[in-house]
Amino acid sequence: MKGTSVRLPLALSRVLVVGTALAAVVTGPVAVASAAPAAADAASASEGLPALNGIVDVAARRILVGDLVAAAKFGTGAPIDDPAREQVVLNDARNRAVQAGIDPDVTAAIFRDQIEANKVIQRGLYALWTAHPELAPTEKPDLVTVVRPLLDQITVDLINQIKATGTTQTSSACYGRLTAAFVQVDRARHFDALHTVALVRAVPSICHQ
């Protein structure tokens, strides 16, 4: 659904925004221009720390899989919220974190953000397709054979990125680097309003002290 202009309901706009600069990013192009120098200053002050573009781009990839999840579920009665399945994902993330030698609590928090971002996509697309049935998908990808293998690979990639960026996540420069990565990934992916909001929801737990 990239390229589709979506006017978001108020409920979808209530997302957790990382830092003042990142909040400015999603308000418009003028704010992006003002946020970018601050992000660049923070990045230059933390030379040697790994950039966050990789981890943000993995989050963006998972958001795009949310389009497939929405297409698979829409009109079937399958709920958007699935606590049992979500807990399976979080438990798996914790186990993988232990195996990778990274903090399972931090990892679970980052994965929780990915789950919530995916639900932003589902709710937004459900609202769009309900209001405009002609835009609803005509094919339903299989959740087991098509969607989950994609999510499984993204899980591996996300764990690797969490491990690779551990020093940046706890640094004072993290929010600046996260802002810069957000801007670059959002632009490179050409996200529409819905996908941009979902990406905002996907990244809050990346930076932590």
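The values are calculated or read from the model by the stated rules, or taken from the named source; none is laboratory data. All values reported here derive from a predicted model rather than from experimental measurement. We place every Cβ from the backbone using ideal geometry, glycine too, and count neighbours over all the protein chains shown. These accessible areas exclude ligands, DNA and RNA; they are computed on the full protein's heavy atoms, side chains included. Shrake-Rupley method; radii C 1.70, N 1.55, O 1.52, S 1.80 Å.
Odds and ends about this structure:
- Whole-number accessible area per residue in Å² for the range 114-209, which is evaluated in the context of all protein chains at 1.4 Å: 44 Å²
- Prolate/oblate/rounded call for the range 141-209, Cα gyration tensor, a/c under 1.5 rounded: oblate
- Whole-Hz ³J(HN,Hα) from phi, Karplus 6.51 cos²θ - 1.76 cosθ + 1.60, for the range 56-72, glycine and proline x: 5, 5, 4, 4, 5, 4, 5, 4, 5, 5, x, 4, 5, 4, 4, 5, 5
- Carbon-plus-sulfur accessible fraction, the range 92-188 (probe radius 1.4 Å, protein heavy atoms only): 53%.
- With each label modelled as a point 7 angstrom along the Cα→C-beta vector, the LEU135-ASP105 pair spans 4.2 nm.
- Note on the range 62-209: dipole from Cβ charges, positive end direction compared against CYS207, LEU150, VAL120; the farthest Cα belongs to CYS207.
- Overall form of the range 71-209: oblate. Here a/c, set by the Cα gyration tensor axes a ≥ b ≥ c, is 1.5 or more, and a/b is not larger than b/c.
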